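J.: Quick one: the structure is below, questions incoming.
The values are calculated or read from the model by the stated rules, or taken from the named source; none is laboratory data. Only a predicted model underlies this, so the values are computations on that prediction, with no experimental measurement involved. Reconstructed Cβ throughout: ideal geometry from the backbone, glycine too, with neighbour counts over all protein chains shown.
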């Protein structure tokens, strides 16, 4: 997931794209609870949305989280979206998918 780079005197995170971060950030990751355990303990309908573009950073993580989530669950990739879902109509697509999920499961 991360390794120290002497060249950059920083850590390189490999989350589908490489990100340079400092020691403080790496320590916060080490101290964060196991997200797969947290996800497997969710006992309500779960929708996992992710940006589905060439440079999306958390695409693999979304698929991994989906595997650990309990039913009912849904995995939604928004084509062409970046991290903030501001590209074209991607924000509207995200809203529509999420609103429909809530209406179905409330």
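J.: Step by step: first the residues of the stretch 71-88, then only those that are closer than 27 Å to residue 34 by Cβ and out of contact with any strand residue (DSSP E or B) (no Cβ under 7 Å at 6 or more places or on another chain), then the one that is modelled with the lowest pLDDT. Which residue is that?
T.: Taking the candidates together, the pick is 84.
J.: Of all residues in the stretch 12-38, which are in contact with a strand residue (DSSP E or B) (Cβ under 8 Å, 6 or more places away or on another chain) and under 27 Å from residue 87 (Cβ atoms)?
T.: Answer for the stretch 12-38, where residues must be in contact with a strand residue (DSSP E or B) (Cβ under 8 Å, 6 or more places away or on another chain) and under 27 Å from residue 87 (Cβ atoms): 12, 13, 14, 18, 19, 20, 21, 25.
J.: Would you confirm whether any residue within the stretch 68-85 is crowded, with 16+ Cβ neighbours inside 10 Å, part of a helix (DSSP H, G or I) and in contact with a helix residue (DSSP H, G or I) (Cβ under 9 Å, 6 or more places away or on another chain)?
T.: Yes: the stretch 68-85 contains one or more residues that are crowded, with 16+ Cβ neighbours inside 10 Å, part of a helix (DSSP H, G or I) and in contact with a helix residue (DSSP H, G or I) (Cβ under 9 Å, 6 or more places away or on another chain).
J.: Quick one: would you say residue 11 is in the same structural domain as residue 102 (by TED's automatic domain parsing), assigned to a strand (DSSP E or B) and either farther than 24 Å from residue 67 by Cβ or in contact (Cβ under 8 Å) with a residue 24 or more places away in the chain (or both)?
T.: no
J.: On the given criteria, is residue 62 assigned by TED's automatic domain parsing to the domain that holds residue 104, free of Cβ contacts under 8 Å to residues at least 60 places away in the same chain, surrounded by 14 or more Cβ atoms within 10 Å (Cβ to Cβ) and farther than 25 Å from residue 106 by Cα?
T.: Working: assigned by TED's automatic domain parsing to the domain that holds residue 104: yes; free of Cβ contacts under 8 Å to residues at least 60 places away in the same chain: yes; surrounded by 14 or more Cβ atoms within 10 Å (Cβ to Cβ): yes; farther than 25 Å from residue 106 by Cα: no.
Judged against the criteria, residue 62 is not a match.
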